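Asks: Got a structure for you, questions after.
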Amino acid sequence: MNENKYCQLREAVDNVVAIDAHCHNLVSKNSSVPFLSSFTLAEGAALADTPFTLPFKRSIRDAAELYKVNASLSAIEKYRNSSTLESYGTKCFDASKLSAIFIDDGFVLDKMLDWKEHLLFVPQVGRILRIEFLALKILNQDLQQSSKQTLEEFTDLFLTQLRSTAKDVVCLKSIVAYLSGLEVNTHVTKKAAEKGLQEELQGGIPLQIIFNKNLIDYIFTLSLGVAKELNLPMQIHTGLGQKLLDLTKANPLLLRGVLEDSRFSENRFVLLHASYPFSREASYLSSVYPQVYLDFGSVDSKLSIHGMKSAIKQLFELGPLNKIMYSSDGFAFPESYYFASKNARDVIYSVLSDACDDGDLTISEAIEAVPAIFRQNALNFYDFSKVIKSG
């Protein structure tokens, strides 16, 4: 690649101030969340193999360069232990060049910071409401205090709280892929959902997760109605995730029933994580459905460089450049936000310059795509009146 030829593109990628449209809460220094989670989606015993992965080896060098320490896990942990969260967190977020982050605080972590506390690190913060987290809270608390533990009562509680909370969030979020899969039945009957509710309650409280597909589909469909009513986008987990996820049920093509339901044709959907390894499928959906948008968070930190380039290139094969958005899917540790920002900039530069070499884009078109992908598409898509600001 001719670096001089693309110096303006490189400058645009390096200097653009990004909007991180999907991430999660940081945790306190004394949290039980293992630092190795910064480098992988693995959990438990599988974490032991993380140091042998390409993303780990690359990210250790990136963190070492940022902190000016030796490129080893022990040196980085020593630096972190001798510093404060505010100190190394500020270093990571400043290097990430972010003007705003949107936090899904439904991913509960030990000793996590409140979403508003992240204003310590970035100028603007928005909240993402995870619908299944709200549903669990109602099942475990509010419904237990009610004299009627029926679907009708649950529906009233859920819709009331969803409408009330949704007025102050930038979007809704669903992890239906984790629970029963993306092949959602938007015509699930109340009778089937009622039976599902009673089966869940009979399993004992508190529930840790909702397993009944009919109840899950019912909750998802209710939420789409509120999203349409309030003109809120719905972010949907697609593709790769932690071990709980059945990847065969996380292919975005399974959403066809939702996308073809005329009741929700005006809803807006964001397919998270580039739907990896189903990135081509996601690209296709964004090209034929006006309501489908793409977000490549997690892919920009949890894969090898080759894997990242491959996934992003697949998004670009059919995906309109005005519908592709940056995020980090960062969580727990400031480093995870930094790794994503650094990798995304390098990979987007590489993919766009390749597109120029291939004749798909001119250099000026590639340069125009940079602010679109990293911030302007999000500014156009999300309601920033719901975002809180520092100061």
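The values are calculated or read from the model by the stated rules, or taken from the named source; none is laboratory data. Quick caveat: nothing in here was measured; it's all calculated off a predicted structure. Methodologically, a virtual Cβ is constructed for each residue, glycine included, from the backbone with ideal geometry; neighbour enumeration extends over all protein chains shown.
Asks: Please verify whether the range 53-73 includes one or more residues that are part of a helix (DSSP H, G or I), aromatic (Phe, Trp, Tyr), touching a residue at least 12 places away in the same chain (Cβ under 8 Å) and touching a Pro at 6+ places or on another chain (Cβ under 8 Å).
Replies: No - not one qualifying residue is present in the range 53-73.
Asks: From the list Lys302, Lys313, which one is surrounded by 24 or more Cβ atoms within 10 Å (Cβ to Cβ), of a type in the set (Lys, Arg) and touching a residue at least 24 places away in the same chain (Cβ under 8 Å)?
Replies: None of the others qualify; the one that does is Lys302.
Asks: Let me ask something else about it. Filter the range 254-272 down to the residues that are farther than 19 Å from Phe107 by Cβ, surrounded by 15 or more Cβ atoms within 10 Å (Cβ to Cβ), of a type outside the set (Asp, Glu) and in contact (Cβ under 8 Å) with a residue 60 or more places away in the chain and list them by number.
Replies: Passing the criteria: Leu254, Leu255, Val258, Phe264, Arg268.
Asks: In addition: Taking the options Tyr276, Tyr284, name whichever one is under 19 Å from Ala42 (Cβ atoms), out of contact with any Lys or Arg (no Cβ under 8 Å at 6 or more places or on another chain) and touching a residue at least 24 places away in the same chain (Cβ under 8 Å).
Replies: Tyr276
Asks: Give me a count of the residues in the range 343-366 that are in a loop (DSSP other than H, G, I, E, B) and of a type outside the set (Asp, Glu).
Replies: 3
Asks: Next question. Inspect all residues belonging to the range 246-267 and state whether any of them is under 18 Å from the mean Cα position of the chain (by Cα) and on the phi > 0 side of the Ramachandran plot.
Replies: The answer is no, given that none of the residues of the range 246-267 is under 18 Å from the mean Cα position of the chain (by Cα) and on the phi > 0 side of the Ramachandran plot.
Asks: Right, here's the next one. For the range 307-356, how many residues meet the condition of being farther than 30 Å from Ile76 by Cβ and out of contact with any helix residue (DSSP H, G or I) (no Cβ under 7 Å at 6 or more places or on another chain)?
Replies: 1
Asks: Further question on the same structure: Which condition number does Asp94 fail, the rest of (1) assigned to a helix (DSSP H, G or I); (2) acidic (Asp, Glu); (3) at pLDDT below 95 being met?
Replies: All conditions pass for Asp94, except number (3).
Let's see how each residue does on (1) surrounded by fewer than 17 Cβ atoms within 10 Å (Cβ to Cβ); (2) of a type outside the set (A, V, I, L, M, F, W, C):
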site: Pro34; (1), (2): yes, yes
site: Phe39; (1), (2): no, no
site: Ala48; (1), (2): yes, no
site: Arg61; (1), (2): yes, yes
site: Tyr67; (1), (2): no, yes
site: Asn81; (1), (2): yes, yes
site: Glu86; (1), (2): yes, yes
site: Thr90; (1), (2): yes, yes
site: Asp94; (1), (2): yes, yes
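Asks: Right, another one. Arg268 passes all but one of (1) touching a Ser or Thr at 6+ places or on another chain (Cβ under 7 Å); (2) within 22 Å of Lys386 (Cα to Cα); (3) basic (Lys, Arg); which number fails?
Replies: It is condition (1) that Arg268 fails.
Asks: Among (1) part of a helix (DSSP H, G or I); (2) in contact with an Asp or Glu (Cβ under 6 Å, 6 or more places away or on another chain); (3) not aromatic (Phe, Trp, Tyr), where does Ala369 come up short?
Replies: Of (1) part of a helix (DSSP H, G or I); (2) in contact with an Asp or Glu (Cβ under 6 Å, 6 or more places away or on another chain); (3) not aromatic (Phe, Trp, Tyr), only one is false for Ala369: (2).
Asks: Looking only at the range 74-98, count how many residues are among the acidic types (Asp, Glu) and free of Cβ contacts under 8 Å to residues at least 12 places away in the same chain.
Replies: Within the range 74-98, residues that are among the acidic types (Asp, Glu) and free of Cβ contacts under 8 Å to residues at least 12 places away in the same chain number 1.
Asks: Oh, and also: Just name the residue that is surrounded by the fewest Cβ atoms within 10 Å (Cβ to Cβ) out of those in the range 278-288 that are closer than 25 Å to Asn185 by Cβ and out of contact with any strand residue (DSSP E or B) (no Cβ under 6 Å at 6 or more places or on another chain).
Replies: Looking at the filtered set, the residue picked out is Val288.
Asks: Look through Arg375, Arg345 and report the one residue that is more than 17 Å from the chain's Cα centre (by Cα), crowded, with 19+ Cβ neighbours inside 10 Å and among the charged types (D, E, K, R). Let's see the steps before the verdict.
Replies: Details: Arg375 fails: more than 17 Å from the chain's Cα centre (by Cα).
The match here is Arg345.
Asks: Continuing with the same structure: I'm checking my understanding of the structure. Among residues of the range 6-52 that are among the charged types (D, E, K, R) and either part of a helix (DSSP H, G or I) or touching a Leu at 6+ places or on another chain (Cβ under 7 Å) (or both), which one is nearest to Val270 (Cα to Cα)?
Replies: The selected residue is Asp20.
Asks: Still on this model: Which residues, counting only those in the range 307-342, are among the hydroxyl-bearing types (Ser, Thr, Tyr) and either farther than 25 Å from Leu85 by Cα or outside any helix (DSSP H, G or I) (or both)?
Replies: Answer for the range 307-342, where residues must be among the hydroxyl-bearing types (Ser, Thr, Tyr) and either farther than 25 Å from Leu85 by Cα or outside any helix (DSSP H, G or I) (or both): Ser310, Tyr326, Ser327, Ser328.
Asks: Is it the case that Phe93 is of a type outside the set (D, E, K, R) and closer than 24 Å to Asp62 by Cα?
Replies: Yes: the conditions hold for Phe93.
Asks: Going by what's in this entry, would Lys213 be described as touching a Phe, Trp or Tyr at 6+ places or on another chain (Cβ under 7 Å) and either at pLDDT below 95 or not aliphatic (A, V, I, L, M) (or both)?
Replies: Details: touching a Phe, Trp or Tyr at 6+ places or on another chain (Cβ under 7 Å): no; either at pLDDT below 95 or not aliphatic (A, V, I, L, M) (or both): yes.
No: the conditions fail for Lys213.
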